[in-house]
Number of protein chains: 2
Amino acid sequence: VARPPLPEPPVTPLAWRGGWRDGALELLDQTLLPAEERTLVRRASADLVGDVQRLAVRGAPLLGLAGAYGLVLAWREALDAGGGADRVHARFDASASALARARPTAINLSRAVEASLRAVRGLGGDARGEALLACARELELREREACAAIARHGAEALTGRTQVLTHCNAGALVTPGLGTALAPLYLLHHRGTPVHVWVDETRPLLQGLRLTAYELGRAGVPWTVISDGAAPGLMRAGAIEAAIVGADRICRNGDVVNKVGTYAVALACHAHGLPFFVAAPRSTFDAATATGADVEIEERRGDVARYLLTGSTPGDLRTREPAFDVTPARLVTAFLTEQGRLDPAALPASIFATDAFA
Amino acid sequence: VARPPLPEPPVTPLAWRGGWRDGALELLDQTLLPAEERTLVRRASADLVGDVQRLAVRGAPLLGLAGAYGLVLAWREALDAGGGADRVHARFDASASALARARPTAINLSRAVEASLRAVRGLGGDARGEALLACARELELREREACAAIARHGAEALTGRTQVLTHCNAGALVTPGLGTALAPLYLLHHRGTPVHVWVDETRPLLQGLRLTAYELGRAGVPWTVISDGAAPGLMRAGAIEAAIVGADRICRNGDVVNKVGTYAVALACHAHGLPFFVAAPRSTFDAATATGADVEIEERRGDVARYLLTGSTPGDLRTREPAFDVTPARLVTAFLTEQGRLDPAALPASIFATDAFA
């Protein structure tokens, strides 16, 4: 049986143009979507660190790619700045470190940087630049293939369920392919299955409302945005048949670190006997993190909507803004990965990449 | 033992000034809070219907009061418009009906209107006006006393738990007293207990962020606003020790109709073994509604924040905006009422008012 054809990704969030010496990284500025589609052209690694920190580029797989391509920029900068080998390497190491630490939660970022650094050990000059670009391109290819595999395994897992809830944005905007959580939905739609996506708006930063609705719309997949708190009632009414989300990090014990509010989705699915799927490539599984309790949860401050709507300022409105939460493994029906559908209680050692992207 | 003293309500959302012939209903426009404290002076019942529909006056107990005072305006209008008795009564009945139906979910509104109409049957002219005003004042007094009783029973129920989550706004802004869900928290604070309130911002209309934080702040009770989806993670981390909410309607079987997102709070409490309290006066219990499935759930359209933040218009953003959801009785630890703490599995007949406010 021939593999079913895959649809094209509805959007390209990141692309390296040119060679390592003259090239640049093009990024879609995700903070401006859906109102404006602005492409950023980055030639300085510090600019890219800023893009990561202000969420212009976001999502676990895409953060890994940003890190890998960012190293190409960092090496070029270090060489261009001149000086002896020590000075070049010190400069490069500082930039690489800034890239790896730009955001702490998604394991993909620091892991991609580390993997590339290992791969180019001992190389210098042009050879090192070429090799760093080759590493990034290899990672991009692997992640695109992972998306395709997740699409197929996810479509199978969702068989018979067309009313699917998702939280945050784990689609084409966070990968070089069809996405993670959204990939199976794109494939089902492509095959003519009448899939409809319930999109949690995803407070506080509204990634569902702004980004998931945007890319589903570009692909022609029907969607409806809801408040995050509306999902349990819709499940009780029978309107939602399954949930599928991405992940920022999956721990050794199967705990899932993902956008705040994911845990609430998992609890609601559990209460209604609905499957709760987590779609993620191998690059998101982290054997070095034993459980969710070991993950630093980023806290933010300054959700614009809060202040806009009250006339308050961050100074007089007391908030807690955790960006992520932890969903315990027991609430996960299955992981959907490039290795197929995996049981959270029996994760194979092979899903925990130790020599990623090599 | 003397009853403990109660604090004053931090805000007065509604007050009738004057006699039935010359008086007016003063309302705090809750759509403008917290940025602006504007008092509306209403002398026309149609204006009040508009206020109810655009949520300037809101919350189950306060909607009942608005209905009862609105009848005074309606009767005065009908008399002033002149004509024979038939014409006066037809006009009054139409206004009364518009008041009763202004919003469907909170049982308090239609019930208060119906109870007042029963009480003044057979009366005409000034006597009817006086009697309608007396009914409204009696209802106000009873609701204020109910708040005080709920405060005391709730404070007892919360013994030893000072980190309390609430959803939406069920405070002084929705009653003529200390509120329902917030009443016990005001009392605990007044007694010197170091209570801290976690406030769900409560999407889509942000009543927690705009209103609950506002009135807690006026009373000096410490609070922190969170995204609705953050609560389960905070429970898992041990930061939240109990939840307390109000209700728009409590069904014969104990199902609770309340602001959308309440059900998610109840599920999260259940998953973490935390008590989930529903505070409500007798006027919110409705024996005529068998279960939550029998309640019409209002759907809204046009949450400003959604459109503001995407540059979209309601025409191109597909949303479902249910205003309420149903929490099944089995998830309710206890109801806190003027009759004390009640077990949802054994609600006494006496809590279901059949001759309300008489």
Relative contact order, percent, of chain A when contacts are C-alpha pairs under 8 Å separated by at least 6 residues?
17 percent
Magnitude of the Cβ-charge dipole (Lys and Arg +1, Asp and Glu -1) of the stretch A:1-86 about the Cα centre, nearest 20 debye, reported as 200 debye
What distance in nm lies between label points placed 7 Å from Cα along the C-beta direction at A:V304 and B:V41?
4.1 nm
For A:A287, inter-copy label-point distances (7 Å, Cα→Cβ), nm, shortest first, read 6.7
Determine the shielding of peptide A:294-306 by partner chains: average, over its residues, the number of Cβ atoms on other chains within 10 angstrom of each Cβ.
2
If we sort B:104-116, A:249-261 on the protection proxy, mean other Cβ atoms within 10 Å, highest first, what's the order?
A:249-261, B:104-116
Can you classify the protein assembly as shown as rounded, prolate or oblate using the Cα gyration tensor, where a ≥ b ≥ c are the square roots of its eigenvalues, rounded means a/c under 1.5, and otherwise it's prolate if a/b beats b/c and oblate if not?
prolate
Which whole-number percent gives the relative contact order of the stretch B:200-358, counting Cα pairs below 8 Å spaced six or more residues apart?
24 percent
Here FRET efficiency (C-beta to C-beta, A:A148 to B:S97, R₀ 41 Å, nearest 0.05) is 0.10
Of B:F92, B:F285, B:F276, the one that fluctuates the most in a GNM where chain B has Cα springs shorter than 10 Å
B:F92
Give me a single rounded figure for A:189-202: the average over its residues of other chain Cβ atoms within 10 Å of their Cβ.
1
Sorted by average packing, counted as other Cβ atoms within 10 angstrom per residue and highest first, what order do B:44-57, B:326-339, A:206-219, B:5-18 take?
A:206-219, B:326-339, B:44-57, B:5-18
Which distances, shortest first and in nm, link B:G192 to the matching position in the other copies, using label points set 7 Å out along Cα to C-beta?
7.6
Within a 10 angstrom radius of each residue's Cβ in A:24-37, how many Cβ atoms of other chains show up on average? Whole number is fine.
1
If I model a spin label at B:A127 and A:A287 as a point 7 Å from the Cα along the Cα→Cβ vector, what separation in nanometres do I get?
9.0 nm
Rg over Rh of the stretch B:78-137, using C-alpha atoms and the Kirkwood radius, what does it come to?
0.98
Within the stretch A:264-292, backbone nitrogen closer than 18 Å to the virtual label 7 Å beyond the Cα of A:E138 toward Cβ:
A:282-284
Going toward the positive end of the dipole of the protein assembly as shown, with +1 on Lys and Arg Cβ and -1 on Asp and Glu Cβ, which of B:H272, A:I107, B:G208 do you reach last?
B:H272
Once the label point is set 7 Å along the Cα-to-beta-carbon vector, what list of distances in nm do you get between A:E36 and its counterparts in the other copies?
2.9
State, as an integer percentage, the relative contact order of the stretch B:114-271 based on alpha-carbon contacts under 8 Å between residues 6 or more apart.
21 percent
Roughly how many debye, to the nearest 20, is the charge dipole of chain A about its Cα centre, given +1 on each Lys and Arg Cβ, -1 on each Asp and Glu Cβ, and no other charges?
160 debye
If you place +1 on the Cβ of every Lys and Arg and -1 on the Cβ of every Asp and Glu, how big does the dipole about the Cα centre of the stretch A:195-326 come out, in debye to the nearest 20?
180 debye
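No lab work stands behind these numbers, since they all come straight from the coordinates. Remember, it's a predicted structure, so these values are computed and weren't measured experimentally. Heads up, the Cβs are rebuilt from the backbone with ideal geometry, glycines too, and the neighbour counts pull from every protein chain shown.
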